[in-house]
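Undergrad: The structure is given below, and queries will be raised subsequently.
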Amino acid sequence: MSLRQKSLDLRKRMQEALSGGGEKAIEKQKATGKLTARERIITLLDVNSFQEYDLFVEHAGKDFDMDKKYLPGDGVVTGTGTITGHPVCIYAQDFTVAGGSLGYMHAKKITKIMDHAMNMKVPCIGINDSGGARIQEGVNSLAGYGDIFYRNTQASGVIPQISVILGPCAGGAVYSPALTDFVFVVDKISKMFITGPEVIKTVLGEEISMEELGGARVHAEITGNAHFFSESETQCFDQIKKLFSYIPWNNEKKADAFPPKSPKTKLYKIDDIFPTNPKQPYDVRSIIKSICDDSDFFEVHELFAPNIVVGFARLNGQTIGCVANQPIALAGVLDVDSSDKAARFIRFCDSFNIPLVTLVDLPGYLPGIDQEHAGVIRHGAKVLYAYSEATVPKMTVILRKAYGGGYIAMCSHHLKADFVFAWPSAEIAVMGPEGAANIIFRSEIAAAENPDEMRKKKIAEYKKKFANPYVAAAYGYVDAVIDPAETRHFLMHGLKISQNKNEHRPYKKHGIPPF
Ligand code: HXC
């Protein structure tokens, strides 16, 4: 065969491999609002940047007549490309080929591209659309998952790992996304569960639809397994691109700097947002927007544990990670879920050199039998651990309430915040005036002729003494009491001063966080 004939033969082979599971399967895929694996990759990456590898890999199944079957690319597309010019490694499972099920060679393709990502120190994106372990390949499928989980763990904190759930992600398959940094889901398309409705019905007699069990909303709002929710695949890809504009490409780099932009002060004015009445809630996202560049705040885990807000923004062009109590949801308390949410985000920022800005307004940890029994001690400790462990620049602004354990946990000086600022509205004490007065003045209140009057008097006394930032400032626990309008200025200055921060911790193999 001449070289030309060989090239034609190559083209023919490529065409066959690129046809995936064939027209019928592709039609079925599209009918459910899903793109094909290659379309997904091409839509997400920069135009003409995708380079595919291992197109001719063949599956290794021998049993159940598998040796007679041809599975193009073994049901997964892998390769490299760029997003806004930055290199990434990527794989997308092809549901049109054996339901994207994961056999031995399918897993080998994935682990190979993950190894590339680690060697090249670039992010790895996995698009999941699969029926799970390929049943016909038995233990080799399980081995494949194990190999992926191991790599997810090694890559954790070294390169950003993104999981996109664009179809079923069932059984053990869910644990790869669970080990990665950010999970994206799309309404009506994503489905994640360990055991499906059929098994649940058989084993437990409970009936539930796939959507109610593990649909996108369930994971974005209830379980917290998903960090980003969208209405369509294209919206989801836009979210991923936006995320990449805020984060660095590995743990040795800083995120790209952008031209600084002032906040949209006409839309977000602190005086208009922050209520005079200390009992009135407000949306802390508006405060973040009043401070950050262009009032552009990219929220993470938006629908989960809304009593804490986490996400990325920029100050003077530089990425920051914001963590803020949210007074409009459960008064911004720390509970089991919000502690998990905050701790995880703090650890991501610390791993990837993103300075942390914390806005504090909370009555404390949430009391109650449910929370105690759900492990608020163990989960709450994660916040303390994450902030104490973090060595990136850490700046805190106490807006209003900072009571009890909440004060300490929200990146106080005691957990080694670099700068703690407080607004004049800050209230820093062991507990709120009402609760405190009832305890420390109990006998005086009980003995009074008019206990209600005495309670009011004592609450006012306590408020005057403690419900302000000046006691903490007197001990140096607050570095500066600032005019709210100066918040951006103080934070930008703090960030500039912290550029070369290089804090060391004692040697250890690793810590033991309260998982
Ligand atoms: C082999 C599979 C497969 C699998 C799907 N297919 N899942 N082949 N192993 N796990 C094949 C189907 O046989 C079918 O092939 C094609 O993919 C499309 O599947 P359909 O069922 O027709 O599609 P749909 O109706 O959309 O249903 C999708 C589905 C369903 C909900 C994902 O296929 C399903 O329930 N699959 C099994 C899910 C599961 O229990 N997986 C194992 C989990 S255990 P044809 O040739 O007919 O087109 C696990 C353990 C890992 O993953 C542990 C690691 C630690």
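Each reported figure results from applying straightforward, stated rules to the coordinates on display, with no laboratory input. Remember, predicted model here, so these are calculated numbers, not experimental data. As a convention, Cβ positions derive from the backbone with ideal geometry for all residues, glycine included, and neighbour counts pool all protein chains shown.
Undergrad: How long is the gain from I512 to D483 if the chain were fully straight, where each residue apart is worth 0.36 nm and the alpha carbon distance is subtracted? Walk me through the intermediate numbers first.
TA: Working: separation 29, 0.36 × 29 = 10.44 nm, distance 3.98 nm.
Value of the extension gain: 6.5 nm.
Undergrad: For every other residue with a beta carbon closer than 12 angstrom to the beta carbon of I346, add +1 if it is Lys or Arg and -1 if Asp or Glu, then tell me the sum.
TA: Details: positive: K341, R344, R347, K382, K394; negative: D340, D350, E389.
That works out to +2.
Undergrad: If I take R0 = 41 Å and measure r between the Cβ atoms of K241 and N502 in this structure, what FRET efficiency does the formula 1/(1 + (r/R0)^6) give, to the nearest 0.05?
TA: 0.80
Undergrad: What list of ³J(HN,Hα) values in whole Hz, one per residue of segment 347-363 in order, does the Karplus curve 6.51 cos²θ - 1.76 cosθ + 1.60 (θ = phi - 60°) give from phi, with Gly and Pro shown as x?
TA: Calculated HN-Hα couplings, in order: 5, 4, 4, 5, 4, 10, 6, 9, x, 10, 10, 10, 10, 10, 6, 8, x Hz.
Undergrad: Can you tell me the FRET efficiency between K68 and M14 if r is taken as the Cβ-Cβ distance and R0 is 30 Å, rounded to the nearest 0.05? Could you put the intermediate results ahead of the total?
TA: Working: r = 22 Å, r/R0 = 0.75.
Given R0 = 30 Å and the Cβ-Cβ separation, E is 0.85.
Undergrad: So if I take the centroid of the Cα atoms in segment 453-473 and the same for segment 373-427, what is the distance between those two points in Å?
TA: That distance is 22 Å.
Undergrad: To continue, here is another question. Between Y470 and E299, what's the calculated FRET efficiency when r is the beta-carbon distance and R0 is 41 Å? Round to 0.05. Please list the in-between numbers first.
TA: Working: r = 33 Å, r/R0 = 0.81.
Computed FRET efficiency for Y470 and E299 comes out at 0.80.
Undergrad: What list of ³J(HN,Hα) values in whole Hz, one per residue of segment 273-290 in order, does the Karplus curve 6.51 cos²θ - 1.76 cosθ + 1.60 (θ = phi - 60°) give from phi, with Gly and Pro shown as x?
TA: Once θ is set to phi - 60°, the couplings for segment 273-290 become 8, 7, x, 6, 6, x, 8, 7, x, 8, 8, 5, 5, 5, 5, 4, 5, 6 Hz.
Undergrad: Here's something else I'd like to know. How much mean residue ellipticity at 222 nm does the chain get from its helices, if each DSSP H run of length 4 or more adds -39500 (n - 2.57) and you divide by all residues, to the nearest 500 deg cm²/dmol? All intermediate terms of the calculation are to be shown ahead of the outcome.
TA: Values: 20 runs with 199 residues, N = 515.
Value at 222 nm, helices only, nearest 500: -11500 deg cm²/dmol.
Undergrad: Which order, highest average first, do 439-447, 139-147 follow once you tally other Cβ atoms within 10 Å for each residue and take the mean per peptide?
TA: Values: 439-447: 12.7, 139-147: 17.1.
The packing order, highest mean first, is 139-147, 439-447.
Undergrad: Further question on the same structure: Per-residue HN-Hα couplings for segment 297-310, Karplus 6.51 cos²θ - 1.76 cosθ + 1.60 at θ = phi - 60°, whole Hz, x for Gly and Pro?
TA: 10, 9, 7, 10, 6, 4, 8, 9, 6, x, 6, 10, 10, 10
Undergrad: How much length is gained if the chain between K253 and A448 is pulled fully straight, taking 0.36 nm per residue apart and subtracting their Cα-Cα distance, in nm to one decimal?
TA: Numbers: separation 195, 0.36 × 195 = 70.20 nm, distance 6.45 nm.
Computed gain between K253 and A448 is 63.8 nm.
Undergrad: Would you mind computing, in nm to one decimal, how far apart the modelled labels at A374 and Q5 are, each placed 7 Å from Cα along Cα→Cβ?
TA: With each label placed 7 Å out from Cα toward Cβ, I get 7.1 nm.
Undergrad: Which aspartates and glutamates does K62 reach when only Cα atoms under 12 Å apart count, and residues fewer than 8 places away in its own chain are ignored?
TA: Once the sequence-local aspartates and glutamates are set aside, what remains near K62 is E137.
Undergrad: Amide H neighbours of G311 under 5 Å, at least 5 residues apart or on other chains, H built in the peptide plane: list them.
TA: Distant-sequence amide H within range of G311: V300, C322.
Undergrad: Let me ask something else. Which Rg and Dmax, in Å, describe the Cα atoms of segment 417-511?
TA: When restricted to Cα atoms, segment 417-511 yields Rg and Dmax of 19.9, 63 Å.
Undergrad: Would you grab the residues whose amide H sits under 5 Å from the one on S190? Only those 5+ places off in sequence or on another chain, please, with H modelled 1.01 Å from N.
TA: Distant-sequence amide H within range of S190: G167, A216.
Undergrad: Something else about it: Please state the shape class of segment 1-117: rounded when a/c is under 1.5, otherwise prolate if a/b exceeds b/c and oblate if not, all from the C-alpha gyration tensor. Working shown, then result.
TA: Details: a/c = 1.36, a/b = 1.15, b/c = 1.19.
Because its axes are fairly even, with a/c under 1.5, segment 1-117 counts as rounded.
Undergrad: Which of the peptides 462-468, 423-429, 168-174, 197-203 is most tightly packed, and how do the rest follow, going by the mean number of other Cβ atoms within 10 Å of each residue? Before the final figure, lay out each step's value.
TA: Working: 462-468: 17.1, 423-429: 20.4, 168-174: 23.1, 197-203: 12.3.
Result, highest mean Cβ count within 10 Å first: 168-174, 423-429, 462-468, 197-203.
Undergrad: Compute the angle between helix 376-389 and the longest alpha-carbon principal axis of the chain, please, reported from 0 to 90 degrees and rounded to the nearest 10.
TA: The angle comes out near 90 degrees.
Undergrad: A further question on this structure: Normalising by the residue count of the chain, find the relative contact order in percent from Cα pairs under 8 Å and 6+ residues apart.
TA: Numbers: 1063 pairs, mean separation 40.2, N = 515.
Answer for the chain is 8 percent.
Undergrad: Let me ask something else about it. Which cross-chain or sequence-distant (5 or more) residues have an amide H under 5 Å from the amide H of K401, H modelled 1.01 Å from N in plane?
TA: L362, E427
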